[in-house]
1. With +1 on the Cβ of every Lys and Arg and -1 on the Cβ of every Asp and Glu, and nothing else charged, how large is the dipole of the chain about its Cα centre, in debye rounded to the nearest 20?
2. I'd like the accessible area for F357, computed on protein heavy atoms only with a 1.4 Å probe and all protein chains in place. Round to 10 Å², please.
3. Please say if segment 157-313 is rounded, prolate or oblate, where rounded means a/c under 1.5 for a ≥ b ≥ c the square roots of the C-alpha gyration tensor eigenvalues, and otherwise the choice is prolate for a/b larger than b/c and oblate otherwise?
4. Mind checking the full-extension length gain between E247 and Y215? Use 0.36 nm per residue of separation minus the Cα-Cα distance, one decimal, nm.
5. With a 10 Å radius around each residue's Cβ, average the other Cβ atoms per peptide and rank 60-72, 23-35, highest first.
6. Does segment 86-144 classify as rounded, prolate or oblate by the C-alpha gyration tensor (a ≥ b ≥ c root eigenvalues; a/c under 1.5 gives rounded; else a/b over b/c gives prolate, otherwise oblate)?
7. Which value in deg cm²/dmol, rounded to the nearest 500, describes the helix-derived mean residue ellipticity at 222 nm for the chain, given -39,500 (n - 2.57) per DSSP H run of n ≥ 4 and division by the residue count?
8. Projecting each Cα onto the charge dipole of the chain (Lys/Arg +1, Asp/Glu -1 at the beta carbon, about the Cα centre), which of G123, N337, G292 comes out farthest on the positive side?
Amino acid sequence: MPASPDEPSPSRASRRLPPAVYVLGMAVFALGTSEFMLAGLLPPLADDLNVSIPTAGLLISAFAIGMVIGAPLLAAATLQLPRRTTLVVLLAVFGLGQVVGAVAPTYGVLFASRVVSALACAGFWAVGAAVAVSMVPVNARARAMAVMVGGLSIANIAGVPGGALLGQHFGWRSSFWAVAVMSAVALVGVLALVPHTRPATGADRPRLRTELRIYRDGQVWLAMVTIALFAAATFCFFSYLAPVLTEVAGLPESWVPVVLGLFGAGALIGTVVGGRVADGNLFGTMYAGLGGAAVVLALIALTAQNPAVLVVLSTLLGTAAFLAAPALNARMFNVANAAPTLAGATTTSAFNIGNTFGPWLGGLVISAGFGYARTAWAGAALALAAVGCTALQVRAHRRSRVVAAGVSGSAAPAPR
């Protein structure tokens with residue numbers, strides 16, 4: 001019997017993501033704002049706490065390292081707990097970390113609050129990604145992950161500049177209070193919309209030893225390296241975008257937040273488009289995004305002294321790089337399907353390893369006397385390495401399909 005005109009067709013209904021996925025994206029917006037907002041708050045923060053700007057900058061590194069370590073540790077520690085309960089606890093701890101940061105009397109207290117917040121943030125990312133993927137069919141995983149990555153993109157567009165604006169007018173502590181409020185709103189959303197689940201029992205009970213077996217699979221390691229290279233390629237240049245704009249292109253400092261916002265807008269566009277096309281052509285999307293990022297970075301290195309071209313290319317870099325992000329996330333969940341929680345944790349750690357390595361490599365380029373613009377060449381090389389890893393993933397994927405076909409007699413449909 002055909003469906004009535006008032007009823008959505010099954011194909012249209014299947015394209016709709018559950019509201020809980022968008023709630024998780026909103027939570028990621030708060031997490032991402034906290035992670036990156038210090039870039040615009042370091043001078044007043046350092047002055048208020050009587051430390052140098054490089055010392056204050058260690059707060060950013062501490063957060064990234066906490067993400068790398070915290071994601072797998074907390075994923076393992078909470079493996080047998082109800083996922084919604086885990087999300088609620090982690091989001092509450094993160095929010096409290098923001099409150100402690102807002103009232104921190106000393107640098108040491110603020111540093112400790114950042115580490116705790118990073119651990120909670122990492123755990124939420126890992127478990128939240130697993131929850132988002134579990135609520136949608138396999139052919140919608142990239143779109144679900146695009147919503148979560150999109151929360152991070154919007155944080156760069158609105159949250160980070162907004163935090164800097166609050167810091168300029170009301171002091172750096174006001175930015176921490178704002179994130180604490182956003183965390184509380186996200187917490188209410190998780191309680192209201194993320195479905196309650198009971199811990200699995202019997203044969204379905206998750207076991208750490210079983211999930212750890214994913215690390216025996218070379219495809220998992222290839223996916224990890226590709227994600228780390230993607231992040232390193234992007235942030236090797238992006239971390240030094242401000243001095244490239246002011247010292248190489250000769251733009252006034254007032255242009256820095258504008259271009260940062262344009263990069264974030266480009267990243268959001270790339271994430272949305274990538275989420276829509278990756279489910280149908282996973283590897284093609286990875287090739288397009290990573291290859292496009294390599295080309296844009298090379299063009300930046302060649303034309304960095306032209307202000308207008310640099311502004312346009314900075315926007316395109318966000319689009320190209322983050323076009324690949326949903327596909328990279330979905331690929332990890334595909335190859336680590338037997339361990340969804342550790343898959344999310346592994347993705348988070350790999351991204352933050354790249355987020356730590358990229359700026360370090362860019363710093364080496366600058367310290368060696370090659371100049372700020374040459375960080376784009378280093379980023380382009382890393383992006384090309386990520387393209388190479390993608391080619392290795394395609395080869396490994398085809399081999400696994402051949403093996404599966406030999407065992408079952410037919411190969412299952414797989415991402416292209």
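The values are calculated or read from the model by the stated rules, or taken from the named source; none is laboratory data. Computed from a prediction, not measured in an experiment: that's the story for all the values here. Cβ sites come from the backbone with ideal geometry, for glycine too, and all protein chains shown count toward neighbours. Note: accessible area is taken over every heavy atom of the protein model, side chains too, but ligands, DNA and RNA are not part of it. Shrake-Rupley method; radii C 1.70, N 1.55, O 1.52, S 1.80 Å.
1. Values: 23 positive and 11 negative charges, 300 e Å.
Computed about the Cα centre, the dipole is about 1440 debye.
2. That residue has around 80 Å² of solvent-accessible surface.
3. Numbers: a/c = 2.53, a/b = 1.34, b/c = 1.89.
Oblate, since a/c reaches 1.5 and b/c is not below a/b.
4. Numbers: separation 32, 0.36 × 32 = 11.52 nm, distance 4.45 nm.
Computed gain between E247 and Y215 is 7.1 nm.
5. Numbers: 60-72: 21.1, 23-35: 26.2.
Descending packing order for the listed peptides: 23-35, 60-72.
6. In terms of gyration-tensor shape, prolate.
7. Details: 17 runs with 312 residues, N = 416.
Calculated at 222 nm, the ellipticity per residue is -25500 deg cm²/dmol.
8. N337
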